[in-house]
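Chemist: If you scroll down you'll find the structure; I have some questions about it.
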Amino acid sequence: MSPYWSYYEPAKPKKVENGLKAKSKRGCIGETWWSQRWVRTLESFDLGARLTRGKNYARKGQVISIDINPGIVRAKVQGTWSQPYDVKIKLKPLSELEWEKATLAMASKAVFAARLLSREMPQNIEEAFSSSGISLFPRKGDDLVTDCSCPDWSNPCKHIAAVYYLLAEQFDCDPFLIFKLRGRTKEQIIEALRNMRAAGAQLEPEEMHSLASSPTDPVKPLEECLDSYWQKGSEIDQLEINPTAPEIQNAVLKRLGNAPFFVGDENMATLLSKAYLIAGREARRKALGEAEIKT
């Protein structure tokens, strides 16, 4: 028998108390589009049964900890040895120039900027990167440099694969961790966007064209409207009032961040956020004539 057989682990790893367990009990791991995009990317690298074994490890709670930093993920995974294995997953951060291009692309689209400044991840954010010739996610297996202290010669091993899958659920909880892995924190992204928007980042050409080509009715001089100035006009009868909750709650407050002063122990922005929510709900209730509106 080859002496190398002694390097292979027994089938059952040591049980972990309070390990990081995948929420998914069967099927796919990851709920949001960005986590599913991460998993699809990994599964496209043809890693075979190692990913399956890694998924089982992730669901058993064998991963003890995950720490995400720019360019590197460090994790500890319990296998059959008494000491947990050290796992490293490296993904090259984007360069300063690449981040500048991507941020400019994000700032130039009003919908991207609005959501990001409200600390929300746009559904199609990857378009901002691809339009600049940059990939937010790894394109090929070689983009990820992995290492594990286990004796398994396969790379990636099942311990690395387990961390891959749990990273997807980490991205579910905080999609900005994808940016962090690529070299920028959420705060850095938001600050850069604010600076670019404040400096007057222009709308996209098609948006500008749409605004420029929108037809407008000619405005009559005031002296020609004196006889009918206080009349409501026929157009008012066609006006429909259908107030709805905003797509992004308290977008302005989120964009501005905390206020420079407090009322007691609470920041003024927090109090205003609660007040706006109550006022908006009451306004919609009165406008729609409903007894109660919960959202």
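Chemist: Quick check on the stretch 1-110: take the gyration tensor over C-alpha atoms, sort the square-rooted eigenvalues as a ≥ b ≥ c, and tell me if it's rounded (a/c under 1.5), prolate or oblate.
Modeler: Values: a/c = 2.22, a/b = 1.94, b/c = 1.15.
It is prolate, given that a/c is not under 1.5 and a/b is the larger ratio.
Chemist: While we're looking at this one, here's another question. Which cross-chain or sequence-distant (5 or more) residues have an amide H under 5 Å from the amide H of residue 72, H modelled 1.01 Å from N in plane?
Modeler: Under 5 Å from the amide H of residue 72 lie the amide H atoms of 91, each far enough along the sequence or on another chain.
Chemist: Mind listing the phi-derived Karplus ³J(HN,Hα) values for the stretch 129-143, rounded to whole Hz, using 6.51, -1.76 and 1.60 with θ = phi - 60°, and x for any glycine or proline?
Modeler: 7, 5, 5, 9, x, 10, 10, 6, 9, x, 8, 9, x, 5, 5
Chemist: Calculate, for residue 86 and residue 198, the FRET efficiency according to 1/(1 + (r/R0)^6) with r their C-beta to C-beta distance and R0 41 Å; round to the nearest 0.05.
Modeler: 0.40
Chemist: OK, next. Using a 7 Å offset from the Cα along the Cα-to-Cβ direction at both residue 139 and residue 187, what is the distance between the two label points in nm, to one decimal?
Modeler: 3.3
Chemist: HN-Hα J couplings of the stretch 185-197 from phi, Karplus 6.51/-1.76/1.60, θ = phi - 60°, integer Hz, Gly and Pro as x?
Modeler: Once rounded to whole Hz, the list reads 7, 4, 5, 5, 4, 5, 5, 5, 5, 4, 5, 5, 5.
Chemist: Further question: Check which residues have an amide H placed less than 5 Å from residue 85's amide H, if you skip close sequence neighbours.
Modeler: Close amide H contacts, sequence-distant or interchain: 77, 78, 79.
Chemist: I would also like to ask the following. Give me the net charge for the shell around residue 68: Cβ to Cβ below 13 angstrom, other residues only, Lys and Arg +1, Asp and Glu -1. Walk me through the intermediate numbers first.
Modeler: Working: positive: 74, 88, 90, 180, 182, 184, 186; negative: 67, 169, 174.
Summing Lys and Arg as +1 and Asp and Glu as -1 gives +4.
Chemist: Could you give each residue of the stretch 92-97 its phi-based ³J(HN,Hα) in whole Hz, using Karplus coefficients 6.51, -1.76, 1.60 with θ = phi - 60°, and x for Gly or Pro?
Modeler: Values, residue by residue: 4, x, 5, 6, 4, 5 Hz.
Chemist: Computed FRET efficiency, Cβ-Cβ of residue 12 and residue 72, R0 45 Å: what is it to the nearest 0.05?
Modeler: Step by step, r from the Cβ atoms, then E = 0.90.
Coordinate-derived values only; no laboratory data. What you see is a predicted model, and the numbers here were worked out from it, not measured in a lab. Glycine also receives a Cβ, built like all others from the backbone with ideal geometry; neighbour counts cover every protein chain displayed.
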